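The values are calculated or read from the model by the stated rules, or taken from the named source; none is laboratory data. If you're wondering where the values come from, they're calculated on a predicted model, not measured in any experiment. Quick reminder, even Gly has a Cβ in these numbers, built from the backbone with ideal geometry, and neighbours come from all protein chains shown. Note: accessible area is taken over every heavy atom of the protein model, side chains too, but ligands, DNA and RNA are not part of it. Shrake-Rupley method; radii C 1.70, N 1.55, O 1.52, S 1.80 Å.
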Amino acid sequence: MDFTGEERIAAPRDIVWAALNDPEIMRGCIPGCQSIERLSPSAFEATIKVKFSLLSATFHGLLTLSDVDAPKTYTLSAEGKGGLAGFARGSADIVLEERGAETILHYRSKAELGGRLAQLGARLLDSTSQKLAEGFFSDFNAAVVAKMARAEGLFKSAP
């Protein structure tokens, strides 16, 4: 399963980059994320519950950052085990393009599922994965804009 997209975010690239590396923002934006903890500057441990049609699975696994060129690009890779449901592996290449006061977040993702999840059918898995990715980037956009608005409010009210 491969998919691409982009998200226009009304924030400077440095702010978007910081948000992409903030476990609390990521936890709030990853659909079904129950927990996320930073293990090192380039690794996180996460627990994510995902619903695929009638089957839901809770995945425990690692998220790792590689090919980091701050604040422009990185690759986020994930690998998780969902018990009897199977496993999930995937990666997303993230590129942040500055456009004045905005940032265009480009992504190219791929995912692989195994075990019972793989038996659900490619079309269902493709559409669910695409919805999860779109939901994450949309929620991430909203979280960054809200964080910017709060920060601007603090600066305006400071003496």
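Here are a few things to note about the model shown:
- Theoretical FRET efficiency, 1/(1+(r/R0)^6), r = Cβ-Cβ of Glu79 and Ile104, R0 30 Å, to 0.05: 0.60
- For the chain, accessible area per residue (1.4 Å probe, heavy atoms of protein chains only), Å²: 56
- In order along region 132-149, the phi-based Karplus estimate (6.51 cos²θ - 1.76 cosθ + 1.60, θ = phi - 60°) of 3J(HN,Hα) comes to 4, 5, 4, x, 4, 5, 5, 5, 4, 4, 4, 5, 5, 4, 5, 5, 4, 4 Hz; Gly and Pro are listed as x.
- Stretchable slack from Asp139 to Arg89, in nm (0.36 nm times residue separation minus alpha-carbon distance): 15.8 nm
- For the chain, calculated [θ]222 nm from helices alone, where every DSSP H run of n ≥ 4 adds -39500 (n - 2.57): -11000 deg cm²/dmol
- Using the average count of surrounding beta-carbon atoms within 10 Å as a protection proxy, the listed peptides 86-96, 130-140 rank, highest first, as 86-96, 130-140.
- Our compactness index for the chain, the C-alpha radius of gyration over the empirical 2.2 N^0.38 Å, is 1.09.
- Over region 11-51, the Kirkwood radius and the radius of gyration, each from Cα atoms, give a ratio Rg/Rh of 1.02.
- Under 28 Å of direct C-alpha separation, and excluding same-chain neighbours fewer than eight residues apart, Lys49 reaches these lysines: Lys81, Lys110, Lys131, Lys147.
- Rounded percent of accessible protein surface that carbon and sulfur make up, the chain, 1.4 Å probe: 55
- Potential lengthening between Asp14 and Asp2 on full extension [0.36 nm per residue; Cα-Cα distance subtracted]: 1.6 nm
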